[in-house]
């Protein structure tokens, strides 16, 4: 059994999350209340119509918003989802890009929105959510 060293620079904590590593999600940036993530297509992430599964899209929306929220507080806290309302507009095919932004917040809760677009720039999914700031473990 191996244990990972504790994360001392919380700006890089995203890369230690096993689930996002399993999906193959890559962070392009997370700064000043905005974040972008990219996901390349893989057959094991597809649904019955050979598009990226809606659960994967929901995950992209969620992490883009949470990352935007924690970047606004310079990664001094983490954020967990309180609520998320998502809409799925088109099948997600090819490389997908998720952009998130923090809209408002205080010391405890952040309000955010995010969208996922395909390679042609078509809107695939969008969401709004609220996130609670928590101290790092």
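Only the coordinates and a few stated rules stand behind these numbers; no lab work does. Predicted model only: the values in this text are computed from it and were never measured. So basically every Cβ, Gly included, is an ideal-geometry build from the backbone, and we count neighbours across all protein chains shown.
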Check your understanding: So what's the convex hull volume per residue for the Cα atoms of region 4-137, in Å³?
Key -> 99 Å³
Check your understanding: For the residues 48, 102, what sequence is obtained by ranking on other C-beta atoms within 10 Å, fewest first?
Key -> 48, 102
Check your understanding: Roughly how many Å is it from the Cα centre of region 16-33 to that of region 63-137, as a whole number?
Key -> 12 Å
Check your understanding: If each residue's Cβ is checked for other Cβ atoms within 10 Å, how do 26, 113 rank with the fewest at the top?
Key -> 26, 113
**Study point:** Burial ordering of 109, 49, 63, fewest other beta-carbon atoms within 10 Å first
**Key:** 49, 109, 63
Study note, to complete from the structure: Once both label points are put 7 Å beyond Cα along the C-beta direction, the residue 46-residue 95 separation in nm becomes 1.9 nm
